[in-house]
């Protein structure tokens with residue numbers, strides 16, 4: 001699920017490879033729209049600052065994080081606030097993930113069995129950060145409607161696809177800015193919904209700065225991620241995404 | 001007359017010996033089988049009751065359904081004190097549970113965290129017996145790992161392991177602990193995923209303050225007094241929390257133990273038949289053969305009631321000899337079964353979540369002997385009633401004429 005990657009890792013070239021000029025040139029294909037909704041961060045490098053607000057029945061907390069990413073393979077996310085969790089860092093390299101916890105100065109690899117667990121207490125799972133399935137690859141898709149410049153695309157999981165969702169409904173603007181992604185389980189029940197808003201300009205690209213994920217089975221709960229700073233085409237050396245870098 | 005009865009049973013030595021050995025053999029088989037079954041059920045009871053539900057368990061009403069870290073007991077500290085004062089409670093402990101990532105930077109796995117009060121826990125569960133290597137928790141910062149979990153993450157005694165988890169306030173809880181022991185609890189889930197640490201360590205890790213998930217009690221006098229204790233706990237706790245006996249908390253285990261008791265009852269029934277028909281047959285034959293002799297006795301003034309007593313006594317002697325012989329043989333097998341144990345050679349076996357060791361040991365209870373021997377003797381005397389009654393109804397004149 002790469003909407004997550006888009007925002008957290010900052011590589012939010014949601015307007016596609018395109019500049020605004022390109023996006024108005026021709027009518028986009030559905031595949032292009034899905035790709036834009038997915039992640040357009042491949043081959044891109046970025047550095048971003050986001051705040052993540054998690055509201056659950058039991059607690060509400062806000063964290064500020066710095067994120068670095070290189071393509072969709074590598075990323076590093078470091079919590080900078082609140083002080084209690086500051087320095088806690090997640091490293092993702094390919095399909096592997098590690099967490100570094102400063103208060104005990106230890107690194108832990110997340111085992112495969114725990115990848116569906118919550119990431120940093122949010123409504124996102126570890127898998128959400130790591131998985132790089134593409135909607136256009138794992139789903140059959142068709143345009144349901146095109147109203148007021150917004151495409152509604154229904155994606156149905158291919159029988160052999162290794163995805164947890166049965167159906168995904170994507171709403172995306174004709175300029176390839178996503179508005180909403182609704183995830184349905186295999187029984188067709190709405191499982192969670194992600195909405196994008198607050199389109200802003202970062203380094204010359206239009207990006208929805210706010211993303212809200214709401215689990216359908218827990219009304220009132222949500223995780224909101226707001227991008228406050230985003231730079232593209234940052235260069236990194238190999239050390240940036242290494243276990244050594246986790247602790248710095 | 002005692003001497004007469006005793007001599008009578010040895011007049012047909014072979015027949016009496018066959019009857020006696022049938023009874024003795026039956027008893028010698030039944031006793032160890034009951035001991036074996038009690039061993040099996042003791043293992044299961046240990047896993048299900050002492051390590052988990054206790055005789056009576058108190059928890060947040062939603063906890064059994066949600067297993068949520070947040071569904072803790074309110075006012076557990078006061079409740080613990082008042083429950084300890086209950087006359088029917090022999091031991092009380094409290095526990096908290098959590099889940100987290102446990103391991104090192106090389107290998108880690110999801111673990112079930114069991115927070116126990118090390119001293120109280122030892123009064124409820126057989127903590128020394130479940131520690132396969134190392135020691136039970138003695139100081140803060142220690143952790144015990146299920147032996148399979150330890151193998152999974154390459155941890156051994158003295159290793160340092162890290163736990164990372166989601167704390168109750170939403171922050172990231174983390175701690176490092178030293179492996180003090182490896183646990184073979186017999187509960188396959190716990191042996192594969194369980195980690196035991198002191199209650200205060202777990203509360204600190206999860207930011208639970210002084211909250212716990214359950215209070216667990218053992219009944220004074222064991223299983224028979226569970227219902228009384230459950231009622232007393234309910235009266236003490238009221239509606240504030242869910243109070244359940246182990247039968248309510250783990251109906252499957254209760255069902256299994258009931259099944260075991262039924263099996264023991266079937267074994268006893270077999271003993272009944274062995275003893276009953278053996279004595280009945282022997283005594284009928286014996287009375288029939290002695291028709292003339294009994295006729296003479298009665299003609300000489302022996303009263304019918306005395307004849308009844310004589311025959312009953314003969315049946316009783318047969319059963320006593322059979323019982324003593326059976327108890328000696330059964331006792332020897334019991335001794336072997338309860339000390340050396342029966343090695344099945346299949347390795348560890350898992351049955352409904354409980355791991356049984358390859359060598360199963362029996363558990364001896366004097367009840368096993370008394371129920372087998374007692375029922376055998378009672379049924380033997382009862383079986384001799386009909387032959388005795390027949391003998392007493394003999395008409396001396398007709399009887400003396402018979403050949």
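The values are calculated or read from the model by the stated rules, or taken from the named source; none is laboratory data. Keep in mind that what you see is a predicted model, and the values were worked out from it rather than measured. A quick note on method: Cβ atoms are made from the backbone with ideal geometry, for glycine too, and the neighbour counts reach across all protein chains shown.
Report the residue count in the stretch B:325-345 for those that are part of a strand (DSSP E or B) and either touching a residue at least 60 places away in the same chain (Cβ under 8 Å) or in contact with a helix residue (DSSP H, G or I) (Cβ under 7 Å, 6 or more places away or on another chain) (or both). Before the answer, list the steps.
Initial filter on the stretch B:325-345 (part of a strand (DSSP E or B)): B:342-343.
Checking the rest, the ones that are also either touching a residue at least 60 places away in the same chain (Cβ under 8 Å) or in contact with a helix residue (DSSP H, G or I) (Cβ under 7 Å, 6 or more places away or on another chain) (or both) come to B:342.
Going through the stretch B:325-345 one residue at a time, the tally reaches 1.
Out of the residues in the stretch A:80-97 that are surrounded by fewer than 20 Cβ atoms within 10 Å (Cβ to Cβ) and within 19 Å of residue A:47 (Cα to Cα), state the one that is farthest from the other protein chains (Cβ to nearest Cβ).
Per the stated criteria, the residue is A:94.
Looking at A:161, A:191, A:157 in this structure, which one is closer than 28 Å to residue A:96 by Cβ, surrounded by 17 or more Cβ atoms within 10 Å (Cβ to Cβ) and at pLDDT below 90?
A:157
Determine, yes or no, whether residue A:215 is closer than 30 Å to residue B:110 by Cα and within 14 Å of chain B (Cβ to nearest Cβ).
It is false that residue A:215 is closer than 30 Å to residue B:110 by Cα and within 14 Å of chain B (Cβ to nearest Cβ).
I want to confirm something. Restricting to the stretch B:177-192 and keeping residues that are in contact with a helix residue (DSSP H, G or I) (Cβ under 8 Å, 6 or more places away or on another chain) and closer than 21 Å to residue B:93 by Cβ, which single residue is nearest to the other protein chains (Cβ to nearest Cβ)?
B:177
Test residue A:116 against the criterion of being within 13 Å of chain B (Cβ to nearest Cβ), surrounded by fewer than 17 Cβ atoms within 10 Å (Cβ to Cβ), under 23 Å from residue A:212 (Cα atoms) and modelled with pLDDT under 90, and give yes or no.
yes
What are the residue pairs meeting all of these: first residue in the stretch B:346-359, first residue in a loop (DSSP other than H, G, I, E, B), second residue surrounded by 15 or more Cβ atoms within 10 Å (Cβ to Cβ), Cβ atoms under 6 Å, and 6 or more apart or on different chains?
Going by the 6 Å Cβ cut-off, the qualifying pairs are B:348/B:355; B:353/B:188.
Of everything in the stretch B:134-176, what is over 13 Å from residue B:101 (Cβ atoms), within 14 Å of another protein chain (Cβ to nearest Cβ) and either surrounded by 22 or more Cβ atoms within 10 Å (Cβ to Cβ) or without any contact (Cβ under 8 Å) to a residue 12 or more places away in the chain (or both)? Give them in sequence order.
Answer for the stretch B:134-176, where residues must be over 13 Å from residue B:101 (Cβ atoms), within 14 Å of another protein chain (Cβ to nearest Cβ) and either surrounded by 22 or more Cβ atoms within 10 Å (Cβ to Cβ) or without any contact (Cβ under 8 Å) to a residue 12 or more places away in the chain (or both): B:143, B:170.
So if I check each of A:45, A:125, which one is on the phi < 0 side of the Ramachandran plot and under 14 Å from the mean Cα position of the chain (by Cα)?
The conditions single out A:125.
Which residue, of A:77, A:110, is touching a residue at least 12 places away in the same chain (Cβ under 8 Å), more than 21 Å from residue A:58 (Cβ to Cβ), at the interface with another protein chain (Cβ under 10 Å from one of its Cβ atoms) and crowded, with 22+ Cβ neighbours inside 10 Å?
Within the list A:77, A:110, the selection yields A:110.
Would you please name the residue that is nearest to residue A:104 (Cα to Cα), looking only at residues in the stretch A:46-74 that are assigned to a loop (DSSP other than H, G, I, E, B) and within 14 Å of chain B (Cβ to nearest Cβ)?
Step one: of the stretch A:46-74, the residues assigned to a loop (DSSP other than H, G, I, E, B) are A:56-59, A:71-73.
Subset that is within 14 Å of chain B (Cβ to nearest Cβ): A:56-59.
Details: A:56: 27, A:57: 29, A:58: 26, A:59: 24 Å.
Within the stretch A:46-74, the match that is nearest to residue A:104 (Cα to Cα) is A:59.
Name the residues in the stretch A:119-140 that are in contact with a helix residue (DSSP H, G or I) (Cβ under 6 Å, 6 or more places away or on another chain) and either within 14 Å of chain B (Cβ to nearest Cβ) or farther than 19 Å from residue B:170 by Cβ (or both), would you?
A:119, A:124, A:134, A:135, A:136, listed by residue number.
Would you mind telling me which numbered condition in (1) closer than 21 Å to residue B:49 by Cβ; (2) without any contact (Cβ under 8 Å) to a residue 24 or more places away in the chain; (3) not in a helix (DSSP H, G or I) residue B:302 fails?
That leaves (1) as the condition not met.
Can you run down the residue pairs with Cβ atoms below 9 Å, 6 or more apart or on separate chains, where the first is in the stretch B:105-125 and touching a residue at least 24 places away in the same chain (Cβ under 8 Å) and away from every other protein chain (no Cβ under 14 Å) and the partner is assigned to a loop (DSSP other than H, G, I, E, B) and surrounded by fewer than 18 Cβ atoms within 10 Å (Cβ to Cβ)?
B:118/B:138; B:118/B:139
Looking for something within 30 Å of residue B:18 (Cα to Cα), surrounded by 22 or more Cβ atoms within 10 Å (Cβ to Cβ) and in contact (Cβ under 8 Å) with a residue 60 or more places away in the chain - is there at least one such residue anywhere in the stretch B:243-264?
Checked the stretch B:243-264: no residue is within 30 Å of residue B:18 (Cα to Cα), surrounded by 22 or more Cβ atoms within 10 Å (Cβ to Cβ) and in contact (Cβ under 8 Å) with a residue 60 or more places away in the chain.
Which number in (1) surrounded by fewer than 20 Cβ atoms within 10 Å (Cβ to Cβ); (2) assigned to a loop (DSSP other than H, G, I, E, B); (3) in contact (Cβ under 8 Å) with a residue 40 or more places away in the chain marks the one condition that residue B:389 misses?
(2)
Only one of A:172, A:147 is more than 14 Å from every other protein chain (Cβ to nearest Cβ), closer than 26 Å to residue A:30 by Cα and surrounded by 16 or more Cβ atoms within 10 Å (Cβ to Cβ). Can you tell me which? Outline the logic, then answer.
On the way: A:147 fails: surrounded by 16 or more Cβ atoms within 10 Å (Cβ to Cβ).
Of A:172, A:147, the one residue that is more than 14 Å from every other protein chain (Cβ to nearest Cβ), closer than 26 Å to residue A:30 by Cα and surrounded by 16 or more Cβ atoms within 10 Å (Cβ to Cβ) is A:172.
Scan A:231, A:185 and give me the residue that is surrounded by fewer than 19 Cβ atoms within 10 Å (Cβ to Cβ) and at pLDDT below 90.
Among A:231, A:185, only A:231 is surrounded by fewer than 19 Cβ atoms within 10 Å (Cβ to Cβ) and at pLDDT below 90.
Just give me the residues in the stretch B:76-98 being surrounded by fewer than 18 Cβ atoms within 10 Å (Cβ to Cβ) and either touching a helix residue (DSSP H, G or I) at 6+ places or on another chain (Cβ under 7 Å) or within 14 Å of chain A (Cβ to nearest Cβ) (or both), in sequence order.
B:82, the sole residue that qualifies.
Report, by residue number, each residue of the stretch B:196-241 that is in contact with a helix residue (DSSP H, G or I) (Cβ under 7 Å, 6 or more places away or on another chain) and closer than 21 Å to residue B:103 by Cβ.
B:198
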